[in-house]
Amino acid sequence: MSEVGTLHAPLKVEFDYTRSLGPTLSAFMSALRRRQVLGGRLSDGTVVVPPPEYDPHTLDPVDDLVSVADEGVVHSWSWVPEPVAGQPLDRPFAFALILLEGADRPVLHAVAVESADQMETGLRVRARWAQETVGAMTDISWFEPLEDDSTDDLAEAPVREQEGDPADLAVTGIVTPVGLDYDYAASPEESSFFRGLADGRILGQRCPVCQKVYVPPRGACPVDGVPTSEEVELPDHGTVTTFCIVNVPFLGQKIEPPYVSAYVLLDGADIAFLHLILGIDAADVRMGMRVRAVWKPPEEWSTTIENISHFEPLDEPDADFETYRQHL
Ligand SMILES: [Zn+2]
């Protein structure tokens, strides 16, 4: 571990966004699975792909769905020189607004060409269907120039016949993975805090004006607007100020509910921080309860707050409300 410079670490936030489709988009997605593109006819006679759920003029549900071609012309486009993970192609490609034959408004999709030189407004393109269709926009892998005389079967993939009862085959929901993957850079003060944790110490900083102790340190007092340079080592015990009992399971949860997430005000600190309370029945946790940090074995320590596994009750009387009422 370097003592020079600030710390940084990868941070990944991700979840699956699940959307139920409703009748209009369910029909659209179900058709994609059959390798068919549907548009919605609006009250003014225009055909829009994908069909909007409600007519923007009359606000009525759009239920007049018509089949449009899976080929058309590029309306406008933007080149993607460096694709990122999850995009339709893993090599440079274009995002384009494509006006499909039979539609009056263009649809956004990817166009696969060798270079940006091959892209132009008016370029005729056709859908390249995925080998396995599931009822999603990605059933069209991308579009490609029509004059590209590929003999590949997939480009010519026939419309799949619907099997069985159509109701059984309706696509009623889609799952969209959402991800944010970045490198978090800690401030010099946070870096000092995290390096302290790697030594089993909890470091805060005191404001020279109001004398408040901030942990983790912010580098400046938000009240007085002055730098906080005096380092303060805090004990690893304190008082539960507020808490919540987590009863709802969620993706990536590490502990089985119910469990308690609480604000712990370390003795000598002026702001509380969030951590887990374990070693006690969730129903018995209360405001004012005295707790201490339970550290992981030192050989597992690194520059992370996770060196503290959780907090557990101390065998002490509860703190008087007056001692923490200013810190709620
Ligand atoms: Zn201050």
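The values are calculated or read from the model by the stated rules, or taken from the named source; none is laboratory data. In this text, all values refer to a predicted model and were calculated from it rather than measured experimentally. Here the Cβ is made from the backbone with ideal geometry for all residues, glycine too, and neighbour counts use every protein chain on show. Areas reflect the complete protein model, heavy atoms only, side chains present, ligands, DNA and RNA absent. Shrake-Rupley method; radii C 1.70, N 1.55, O 1.52, S 1.80 Å.
For the stretch 195-219, the set of residues classified as touching a helix residue (DSSP H, G or I) at 6+ places or on another chain (Cβ under 8 Å), of a type in the set (A, V, I, L, M, F, W, C) and within 16 Å of the ligand (Cβ to nearest atom) consists of 215 only. With respect to the conditions (1) more than 16 Å from the ligand (Cβ to nearest atom); (2) under 33 Å from the mean Cα position of the chain (by Cα); (3) open to solvent by 30 Å² or more (accessible area, probe 1.4 Å), residue 189 falls short on a single one, namely (1). Among the residues of the stretch 228-260, the one identified as assigned to a strand (DSSP E or B), surrounded by 14 or more Cβ atoms within 10 Å (Cβ to Cβ), within 16 Å of the ligand (Cβ to nearest atom) and not aliphatic (A, V, I, L, M) is 231.
Filter the stretch 117-137 down to the residues that are free of Cβ contacts under 8 Å to residues at least 12 places away in the same chain and not in a loop (DSSP other than H, G, I, E, B) and list them by number. Within the stretch 117-137, 117 is the sole residue that qualifies. For the stretch 144-156, the condition holds for at least one residue, the condition being that it is at pLDDT 95 or above, surrounded by 13 or more Cβ atoms within 10 Å (Cβ to Cβ) and not in a loop (DSSP other than H, G, I, E, B). If you check 105, 195, 126 for being modelled with pLDDT of 95 or more, more than 14 Å from residue 32 (Cα to Cα), surrounded by 15 or more Cβ atoms within 10 Å (Cβ to Cβ) and under 29 Å from the mean Cα position of the chain (by Cα), only one passes: 195.
Among all residues of the stretch 266-289, there is none that is of a type in the set (Lys, Arg) and closer than 30 Å to residue 14 by Cα. Among residues of the stretch 199-210 that are on the phi > 0 side of the Ramachandran plot, those with a Cβ under 7 angstrom from a residue that is open to solvent by 30 Å² or more (accessible area, probe 1.4 Å), sequence gap 6+ or separate chain, pair up as 200/295; 200/298; 200/301.
Answer with yes or no whether residue 224 is under 24 Å from residue 291 (Cβ atoms), acidic (Asp, Glu), open to solvent by 40 Å² or more (accessible area, probe 1.4 Å) and touching a residue at least 12 places away in the same chain (Cβ under 8 Å). No. The set of residues from the stretch 280-326 being in contact with a Leu (Cβ under 9 Å, 6 or more places away or on another chain), assigned to a loop (DSSP other than H, G, I, E, B) and of a type in the set (Val, Ile, Thr) comprises 303, 304. Selection of the stretch 250-274 for residues being in contact with a helix residue (DSSP H, G or I) (Cβ under 9 Å, 6 or more places away or on another chain) and not hydroxyl-bearing (Ser, Thr, Tyr) yields 257, 258, 260, 265, 269, 270, 271, 272, 273.
Of the residues examined, residue 218 is one that is part of a loop (DSSP other than H, G, I, E, B) and assigned by TED's automatic domain parsing to the domain that holds residue 198. Scanning the stretch 28-42 for residues that are open to solvent by less than 40 Å² (accessible area, probe 1.4 Å) and without any contact (Cβ under 8 Å) to a residue 60 or more places away in the chain turns up 28, 31, 38, 40, 42.
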